[in-house]
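Chemist: Sharing a structure, written as structure tokens. Questions coming.
The values are calculated or read from the model by the stated rules, or taken from the named source; none is laboratory data. Since this is a predicted model, take the numbers as computed values, not measurements. Glycine gets a Cβ as well: all are built from the backbone with ideal geometry, and neighbour counts include every protein chain shown. Accessible surface is based on the protein model in full, side chains and every heavy atom, while ligands, DNA and RNA are left aside. Shrake-Rupley method; radii C 1.70, N 1.55, O 1.52, S 1.80 Å.
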Amino acid sequence: MSIYLDRETISPETGRLGTRFLLYPQVPHLAGYEKPETVWISTSPNEIQPGPADRRMYVADPLFEKPVYEYPFQPPFNGEQHPPAEAGPDGHFDHLDPSSRQFVCAHVFASLRRVLDIWESYLGHEIIWHFSQTYERLEIIPFVNWNNAQSGYGYMEFGTELNDQETVYPYALNFDVIAHEFGHALIFAEMGTPVGGSANREYFGYHESVSDMIALISLLHFDSVLDRLLRSTRGNLLTMNELNRIAELSGDRQIRTASNDRKMSTVTDSVHDLSKPFTGAIFDTLIEIYHHNAVDGNLVDLPESVSHDRLFELDHHEIELIGHRFADAFNAREFLLKSALANARDLMGSAIARSWSALNPDTLNYALAGAAIADQLDALGNSAAGDILMENLAWREILVRT
């Protein structure tokens, strides 16, 4: 498939900025997210083909219903396809009608590309696909007749959600689901895969947990999400809010929650249930880093007795006091609190990404994985954050408290 654009129409300045797409930060049927937002991805317009496609990934949209991939049926898809999403005369894709099939194709492509851009930035190098010896690029199937989504060897494909009113919503429009599935591919690429099925149960829980965190941290790169989050909570992230809802579905239903009180002694061997203590420890640490940034930066005035307590140590009255003090700070210093949250986001994202090189999938467990993240927090110059994480891991019964 050839590029249809006249490269002379794309200025060097535009090319350096990347390519514009429209993305929904959360599903479009969720109140407040009905309109997509303009997002830039790093690929320049003259490097994107109809589909969309670039040197890292491509969309294949089968004309007829395709069964989900399952061994031995694997990519590439070589059948007939719907007309591809194409760029406008300026080389960008933000002209597509959100109600069109081509928009869904562009949305899932740009969502995946944005997550890749974010995590390559944290790592400081290009991610090499774990399937690179077989496939040069990731194949993206935006529509399959299936109430699920999956990340496989060389592909990702997305089904649909059916809500209580029998309305069908494509998972290819759900940024959380897309980023979570991509999380599995990122972990495989950087950490490798277990040899001969030797991984223990916590390895699979780790995959679900960290993929959730990849989705959550990627979501926080939408400026509108940071604004909405802080305004809805008045800066107090101890409250239940949209940040800790992973893979938002219709209404108030959700697949998993990042904020939870689960410990290793209270979960089952079900992989999603098993993932909750590790997810909770990482999420609580992210929130505590934000709170410490706000307090240590003199943005919030808290009594010394509660300013640096662990979340699990706070009682109802202390939580109420923190809420009032953060609300006062938000009224006076909204944008500085936003900066404090962005700093916490990037510190935790960088530590998670850098920890992968220190982990072996054949021996990985929660204790080793948590300690690797804490080591990276220390290496990034925030040993206090590493200590917070270790205490949260101990409270979750992942580590023995000393």
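Chemist: Quick one: is SER339 at pLDDT 95 or above and polar (S, T, N, Q)?
Modeler: In short, yes.
Chemist: Taking the condition modelled with pLDDT under 95 and either touching a Phe, Trp or Tyr at 6+ places or on another chain (Cβ under 8 Å) or more than 21 Å from GLU136 (Cα to Cα) (or both), does ILE10 pass?
Modeler: Answer is yes for this residue.
Chemist: TYR169 is checked against (1) in contact with a strand residue (DSSP E or B) (Cβ under 8 Å, 6 or more places away or on another chain); (2) in contact (Cβ under 8 Å) with a residue 24 or more places away in the chain; (3) not in a strand (DSSP E or B) and fails just one. What number does that condition carry?
Modeler: If we test TYR169 against (1) in contact with a strand residue (DSSP E or B) (Cβ under 8 Å, 6 or more places away or on another chain); (2) in contact (Cβ under 8 Å) with a residue 24 or more places away in the chain; (3) not in a strand (DSSP E or B), just (3) comes out false.
Yes/no matrix, rows are residues, columns are (1) at pLDDT 95 or above; (2) hydroxyl-bearing (Ser, Thr, Tyr); (3) open to solvent by 40 Å² or more (accessible area, probe 1.4 Å); (4) closer than 20 Å to ALA179 by Cβ:
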residue: ILE48; (1), (2), (3), (4): yes, no, no, no
residue: PRO52; (1), (2), (3), (4): yes, no, no, yes
residue: ARG55; (1), (2), (3), (4): yes, no, yes, no
residue: VAL59; (1), (2), (3), (4): yes, no, no, yes
residue: GLU65; (1), (2), (3), (4): no, no, yes, no
residue: GLN74; (1), (2), (3), (4): no, no, yes, no
residue: ASN78; (1), (2), (3), (4): no, no, yes, no
residue: LEU112; (1), (2), (3), (4): yes, no, no, yes
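Chemist: All but one of (1) crowded, with 24+ Cβ neighbours inside 10 Å; (2) under 25 Å from the mean Cα position of the chain (by Cα); (3) of a type outside the set (Ser, Thr, Tyr) hold for VAL300; state the number of the condition that does not hold.
Modeler: Of everything listed in (1) crowded, with 24+ Cβ neighbours inside 10 Å; (2) under 25 Å from the mean Cα position of the chain (by Cα); (3) of a type outside the set (Ser, Thr, Tyr), VAL300 misses just condition (2).
Chemist: Applying the selection to region 114-140, what residues are more than 25 Å from ASN78 (Cα to Cα), touching a residue at least 12 places away in the same chain (Cβ under 8 Å) and open to solvent by 10 Å² or more (accessible area, probe 1.4 Å)?
Modeler: Matches in region 114-140: ARG114, ASP117, ILE118, TYR122, LEU123.
Chemist: Name every residue in region 78-104 that is under 23 Å from TYR135 (Cα atoms) and more than 27 Å from the chain's Cα centre (by Cα), in order of residue number.
Modeler: Of everything in region 78-104, those that are under 23 Å from TYR135 (Cα atoms) and more than 27 Å from the chain's Cα centre (by Cα) turn out to be ASN78, GLY79, GLU80, GLN81, HIS82.
Table: residues versus (1) over 21 Å from PHE103 (Cβ atoms); (2) surrounded by 20 or more Cβ atoms within 10 Å (Cβ to Cβ); (3) in contact with a helix residue (DSSP H, G or I) (Cβ under 9 Å, 6 or more places away or on another chain).
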residue: GLU161; (1), (2), (3): no, yes, yes
residue: PHE175; (1), (2), (3): no, yes, yes
residue: HIS184; (1), (2), (3): yes, no, yes
residue: GLU208; (1), (2), (3): yes, yes, yes
residue: ILE214; (1), (2), (3): yes, yes, yes
residue: SER218; (1), (2), (3): no, yes, yes
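Chemist: Another one. For region 349-368, how many residues are touching an Asp or Glu at 6+ places or on another chain (Cβ under 8 Å) and in contact (Cβ under 8 Å) with a residue 24 or more places away in the chain?
Modeler: 6
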